[in-house]
Amino acid sequence: MAPRVRQHLDAATTACNALPATVSVLSALPGDHRPGRACRVEAARVTSMPIIDVTYGPGVDTAARRALAEVLPESVSEAVACPEEPYDGGLKSGDVILRFHPATVEDRFELDVLIEVHSNWFESRAADRQRRADDIHRDVAATLPAGTHIGVYLRLPVAAWSETEEEETVSA
């Protein structure tokens with residue numbers, strides 16, 4: 001296996017292993033998970049869920065990524081809560097999809113951490129999207145070391161979701 005591919009596989013495994021059990025991760029690697037963790041597509045039993053992509057630079061260590069994995073699901077769920085999709089305070093497997101990506105040498109990346117949040121558009125959610133992005137930024141900034149350059153991009157498209165049901169999945 002090429003060293004670059006191995007590096008990405010190792011990064012995906014590391015990120016997956018750092019996640020709390022309440023987070024689902026889309027992983028391209030069958031079996032790329034720690035027992036008891038939701039590191040494959042899990043069936044979401046909600047209308048939609050936020051998808052959080054975290055791109056991190058070389059100065060963001062494993063401890064910082066683990067801290068982000070702990071804080072982001074709750075922070076984002078609270079930030080995107082609205083009357084159409086309220087947050088009840090009890091995250092379950094499949095409520096949030098969280099993915100970590102290391103920045104590569106090809107990326108033009110001047111941030112230490114870029115957090116991209118994808119959530120469904122609702123008028124009530126879109127009306128104050130800047131406040132919502134600022135709330136996520138505040139929570140992340142309180143979690144990471146002082147001086148970390150953070151960007152939060154909140155995307156609210158009109159979207160649809162389709163997923164393989166549990167009985168259709170193949171056991172690893």
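Just a yes or no: is a residue in the range 100-108 closer than 15 Å to Gly151 by Cβ, within 16 Å of the chain's Cα centre (by Cα) and assigned to a loop (DSSP other than H, G, I, E, B)?
For the range 100-108, residues closer than 15 Å to Gly151 by Cβ, within 16 Å of the chain's Cα centre (by Cα) and assigned to a loop (DSSP other than H, G, I, E, B): present.
When residues of the range 126-154 are filtered for being over 16 Å from Ala67 (Cβ atoms) and of a type in the set (A, V, I, L, M), how many remain?
Final tally of qualifying residues: 4.
Kindly indicate whether Ala141 is without any contact (Cβ under 8 Å) to a residue 40 or more places away in the chain, within 18 Å of Thr55 (Cα to Cα) and either part of a helix (DSSP H, G or I) or touching a Phe, Trp or Tyr at 6+ places or on another chain (Cβ under 9 Å) (or both). It would help to see each step written out before you state the result.
Details: without any contact (Cβ under 8 Å) to a residue 40 or more places away in the chain: yes; within 18 Å of Thr55 (Cα to Cα): yes; either part of a helix (DSSP H, G or I) or touching a Phe, Trp or Tyr at 6+ places or on another chain (Cβ under 9 Å) (or both): yes.
When the stated conditions are applied, Ala141 passes them.
Looking at the range 140-153, is at least one residue modelled with pLDDT of 95 or more, of a type in the set (S, T, N, Q), under 17 Å from the mean Cα position of the chain (by Cα) and farther than 15 Å from Gly57 by Cβ?
Yes.
Mind checking which pairs have a first residue in the range 144-165 that is in contact (Cβ under 8 Å) with a residue 24 or more places away in the chain and a second that is loosely packed, with under 10 Cβ neighbours inside 10 Å, Cβ under 9 Å, 6 or more apart or different chains?
Within 9 Å, the pairs are Leu154/Gln130; Trp161/Thr47.
Among the residues of the range 108-131, is any in contact with a His (Cβ under 9 Å, 6 or more places away or on another chain), at pLDDT below 95, surrounded by fewer than 17 Cβ atoms within 10 Å (Cβ to Cβ) and charged (D, E, K, R)?
yes
Kindly indicate whether any position in the range 34-51 is of a type in the set (A, V, I, L, M, F, W, C), modelled with pLDDT of 90 or more and either surrounded by fewer than 20 Cβ atoms within 10 Å (Cβ to Cβ) or assigned to a loop (DSSP other than H, G, I, E, B) (or both).
yes
The values are calculated or read from the model by the stated rules, or taken from the named source; none is laboratory data. Here the structure is a predicted model, which is why all the values come from computation and not from measurement. FYI the Cβ positions are ideal-geometry reconstructions off the backbone, even for glycines, and counts take in every protein chain you see.
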